[in-house]
Structure formats: structure tokens, C-alpha cells
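To start, the structure under review is shown below, and the notes come after it.
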Amino acid sequence: MTVLENGTLTAGALRAAVRDAQAVRLNLRLEPAGGRHEHVYPPTYPGEGRDSKPRHAVEERWVNGEKVPCVVLDSVQSQANRLELALLQALRAGDIRVPHLSVSLPGGDGTVRAYTSLELSHRAADAVFRDSLLDGEPFQTSPLGRRLQQGDADATALFETDPASLLHGVWWSTQLKGRASVRLTRALTSSITGINFVPGLKPTSRLDALGIVRQIPIRLIDDGADWELGEPPGKGAGRKEKATRPSEINHGNVTPSLLPLGGAIDHARQTAVLSFVRLRQIRFPNGAGAADAERDAAARAVLAALALVELTAQAHQGYDLRAGCFLVPVPPAESEAADQPHGFELLTPAGAEPFALDYPAATALLADAVAAAAAAGLSWRGEPTVLTPTAKLADLKRISDRLGGQGDDEAE
């Protein structure tokens, strides 16, 4: 079965692919921006036990028929967040228009910032929206809020309000009590893996320009909010005080040390899969609840195009994952094995069909798919659905910002 038109994913080919193909796959070769010799820092995860050290997610995987050590550079969950942020950046640049939810909250300094469903962890089901109002009603129990929670059988409201939730999955697990929570699974997965990982070391040290020596006694006061010179007084002095060293208040040298963190990779690979099988499980009936095959197909094509915009937008904007892990795409090397494809492929029962797609072409596909969906009776909100925070949510944010410098009782 050939779906592509001369190796190109046209708007018609996309609609046919969503109807008949199985998936789109992306394999993109990446390498450190500083070159293959560069030390990279994967994400760290907490170790086990009291004295354990942070660790990376390292495992063996099959590459060119051999088991090689690999390390997770960006997990599926992290990539989902980055893809949504790439979409948000494209939206703010004016390249696309995508429905989403938004609520503005005051900060401790009096400024106000808008938070969107493209950046909050639970997307349309986030507790920030749960604790906000739409037309004076609690959002999750408002008419629109209830329509969003219909599941696969009726995703029309979610398509028209926050379609990224349909791509990356959404679960109304934030409800405090009452109704059973609805969950929609993700249709788009992506991850970035470092290939042939060689563990390395991370040096830590600091030389103090003032030359403060460690022997000077320091005491923390007011539960660590301030410090004074000298040893703590005896018991019963009236203030909570604790002895410490200058380095603990960011003065003085930090003794050089080496931690088993980071390392070298031969290269990295982003692997992404957009499941058309998953998209075909979702229905988009009209306001009367009547289903229509053409209407469903039009909505699914929009979601597929939106996923392609996310993937190409991320490549367009860059892969600066974290400090010490800046990756750049590289063209396929002539020596790469045949089972190491580079770029997009359409997966059909007959095999894989490669195609090229860049960011401008993906945004054009989205515009065409949105127009076709509108002709089928599906709206695509040009502006965000704006909610109003409850007074208690605004107070929670304001107080939290004021206390932000005093530490947190939970680990990241």
C-alpha cells in the first residue's frame, strides 16, 4: 500500500494515512553541540538507601544487532512536556493557532502571569484548572468541564478546547472526591537515548575570591534565614541557632570532589511514534451525539498534523535539554546501517515509507487539516479558553511565592 505522493506527505496523503496506515515514526540522529567528544549530563534519579548517590537510567539495548550500553537523555514524560512547550512557543510566535486553556495568577511580587494547559503537568485536568472558574462555576463541574471528561466515545469538546491533551494523554486524577476519573491514553510518544554510553565523572569545586577560611565560626539564626559570626550560645538563649561553616552560607572554598555523573556517548537518537491506531479509537460526535465517519476522520487528521508540528517545531527550536546536554541534529552518515533509518517514516502493513517534512510544511498541513475539519462542523478556537482563579488559588500562589526562598519539604 502506497499512501505518500512521490515521497511527500500531502494533506490528502495525511488523511489517507490516518485512515489506513498504522503510525508515523521519527528517528533523528543527534550529537552533542560541542562534538562527539563532549561530556554530556543525562537526567539524574534518586538512588536507594540513606547514603546512595544520584544515578542515571542506564540499560543495554540492541543497536545494529549488538547489545550496547545506553542512557536515557530525555524520557517519554519529559519529551511530552518539551513537545508541548515547543507548540506553545510556535503559538506565541504566531506560526499557528491552537486551542488551549489559560488562567492568570498573581505572583508574590505583584506581577501576573498566564499559565496554560500546554505547560501544566496534568494538561486540561490540572489542579490549577480544577481550582479555577468558568463563567462563575468551578471549571471541572461546569458544562464545558463535564463535556471534556467524556472519554474516547466523545472527545469533541476536548478537540475544540485542548487538543494537545488528546495527543499526550490526560487523566482527571486531580478530582478530590466523587466522580470516577476519566483517562485518555497518549497517541504520541517520543524519547531521546544516548547510544554507547561511557560513564564519566563530574568535578565540583569553588575557589572563594575573598579567601574566607573555614575555621571562622558561623551561627545560623532564625531557622536559617540569616547568620551571625560566632559560636551559638548555650541553651535557653531564646533564638534557634545552629553552628555551621562559611561554605554553608556560600562563603569560602568548596573542597574539590568527583561525582560519578555524566559521561560520553557515540551519538543520541530521538525516536518518536504517532499511533494512528490510537487516533482511530477516538470519536468526535456532533452536538446531538451523532457520530459521522468523515467528521471523525477530519478531527484525527488535525491531531496527526498537530503532532507533526510539535515534532518539527522541536527540531526547529533546538534540543537544549539541560545544562551540559545540548544536542543538535546531524544528517545521516553514509556508513549508517540500513536498520538505522533517519527521518520520518510512514508505517503501513506493507512496510515503512520514508518522507521528508520540515516545520513550515508541517504548519501548512495543520492549516489545511483545520480548514477541512471546520467544513465538517468541528470548531477550532482561535483564542484560549480563559478561566478565573478562585480566591484561595490566587492566595495559595501568592503566599507560596513569598515563602519560596525558605525551602520545600518535597524533593524535585
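Just a few scattered comments:
- Between the amide H of ALA23 and those of PHE276, LEU347, distances stay under 5 Å, these residues lying 5 or more places away or on another chain, with hydrogens modeled in the peptide plane.
- Ellipsoid semi-axes for the stretch 1-108, based on the Cα gyration tensor and the rule √(5λ), read 34, 27, 15 Å when sorted largest first.
- Against the chain, whose longest principal axis is taken from its Cα atoms, helix 293-317 shows a tilt of about 40°.
- Helix 391-403 axis, angle to the chain major axis (alpha carbon atoms, nearest 10°): 40
- Only one item in (1) 133; (2) 176; (3) 202 matches volume of the Cα convex hull per residue in Å³ derived from the coordinates shown, and that item is (3).
- Near the amide H of TYR319, within less than 5 Å, lie the amide hydrogens of LEU327, all on another chain or at least 5 residues away, with H placed in the peptide plane.
- Build a GNM of the chain with springs between Cα atoms under 10 Å apart, and of LEU306, LEU118, LEU144 the one that fluctuates most is LEU144.
- Taken along its principal axes, the alpha carbon cloud of the stretch 45-173 reaches lengths of 57, 40, 32 Å, longest axis first.
- Helix 11-20 and the longest principal axis of the Cα set of the chain meet at an angle near 90°.
Every read-out reported here was derived from the displayed coordinates using simple, explicitly stated rules and does not represent laboratory data. Since this is a predicted model, take the numbers as computed values, not measurements.
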